[in-house]
1. So, in Å, what gap is there between the alpha-carbon centers of segment 141-173 and segment 191-209?
2. Label segment 102-209 by shape, choosing from rounded, prolate and oblate, from the square roots a ≥ b ≥ c of the eigenvalues of the Cα gyration tensor; if a/c is under 1.5 it is rounded, and otherwise prolate applies when a/b is larger than b/c, oblate when it is not.
3. Can you compute 3J(HN,Hα) from phi for each residue in segment 170-187, using the Karplus curve 6.51 cos²θ - 1.76 cosθ + 1.60 with θ = phi - 60°, rounded to whole Hz and x for Gly and Pro?
4. Do you know the relative contact order of segment 1-75, to the nearest whole percent, from alpha carbon pairs under 8 angstrom that are 6+ apart?
5. What residues have an amide H closer than 5 Å to that of Thr62, excluding those fewer than 5 places away on the same chain, when H is modeled at 1.01 Å from N in the peptide plane?
6. Could I have the simple spin-label model distance between Glu135 and Gln177, label points 7 Å from Cα toward Cβ, reported in nm to one decimal?
7. Provide Rg over Rh for segment 76-164; use the alpha carbon set for both Rg and the Kirkwood Rh (inverse mean inverse pair distance).
8. How high is the relative contact order of the chain, in percent, with contacts defined as C-alpha pairs under 8 Å that are six or more residues apart?
Amino acid sequence: MIGICIPAHNEQDEIDACLFSIQACAHHPALLDEAVQVVVVLDACDDDTAGRAAAMGISTLTVCARNVGTARATGAEWLLSRGCRWLAFTDADTRVSPDWLVAQLQLHADVVCGTVGVADEAWALHGQFAESVRESFKVTYRDEDHHRHVHGANLGISADWYRRSGGFGAYPCGEDQRLVDQLLAVGAHVAWSASPRVLTSARPTSRVE
C-alpha cells in the first residue's frame, strides 16, 4: 500500500483541487491497482476543511499543534500503522500531476525530493509585484534534475527509511529539510528529481515565519 499525507490548516479554499488531483494520481494505471491510502491531518482548523475532505471520502486526523512537523509525523505514523510501503507527502494548497506517484516510484530511490511549479494565474496574488516575483522565481529556482531543493509539497520516502531516520520532528518550519538531512546522515539514497510534478500556491503572505 502507498500512503499520502497532507497536513492542512484552514485550507477550505484549496483542499478540493488538491484532493481531486490526489484521487486522479491514486488511480493511475501504472500503479497496477495497488491500494493508495490518503489522510488529511487537520491542524487547528476552524473552517470547513474537514467537511470538504469528508465529502470526498478522505480520511482525516485532528491535531491542535499549529506545527507542520507534528502534523506530518502524525499522518505518517497513521499510514505506517496501516502497512504502507511508501510515504508520499504534499500540501493542501498543492495539486499533484496524474503520474506523481508513478514518477516517484520509478526512480527506485529511498527518498525522492521533487520540485514545485506555480500556476501562471497564481502570480496575480502579488498584485503590482506579480511580474517581478515570477521573474525572480524563474531566475533563482532550479526546476531540473540534480537540484537540491526540499519541499514537503513534493516528497516521497520509503517506509523503511522513514523509520530509520526517526521521522519528522516537531518543527513549525523547515521540518522537510531537517528530515532529508537525517535521511542523508543515515545513508539513504536520495533522488533529486524534477520528474514528479506538482503545482503549488503563490501566497503573498507565508503561513510560517
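The values are calculated or read from the model by the stated rules, or taken from the named source; none is laboratory data. None of the values given here were measured: they were computed from a predicted structure. As a convention, Cβ positions derive from the backbone with ideal geometry for all residues, glycine included, and neighbour counts pool all protein chains shown. Side chains included, ligands, DNA and RNA excluded: accessible areas come from the protein's heavy atoms. Shrake-Rupley method; radii C 1.70, N 1.55, O 1.52, S 1.80 Å.
1. Comparing the Cα centres of segment 141-173 and segment 191-209, I get a distance of 12 Å.
2. Working: a/c = 2.63, a/b = 1.73, b/c = 1.52.
Prolate shape, in that a/c is at least 1.5 and a/b is the bigger ratio.
3. With coefficients 6.51, -1.76 and 1.60, one gets 7, 9, x, 7, x, 5, 5, 4, 4, 5, 5, 4, 5, 5, 4, 5, 9, x Hz.
4. It comes to 41 percent, rounded to a whole number.
5. Here Leu42 satisfy the definition.
6. Placing both labels 7 Å beyond Cα along the Cβ direction yields 2.7 nm.
7. Values: Rg = 15.7 Å, Rh = 14.9 Å.
Over the Cα atoms of segment 76-164, Rg/Rh equals 1.05.
8. Details: 424 pairs, mean separation 56.9, N = 209.
Once normalised by length, the contact order is 27 percent.
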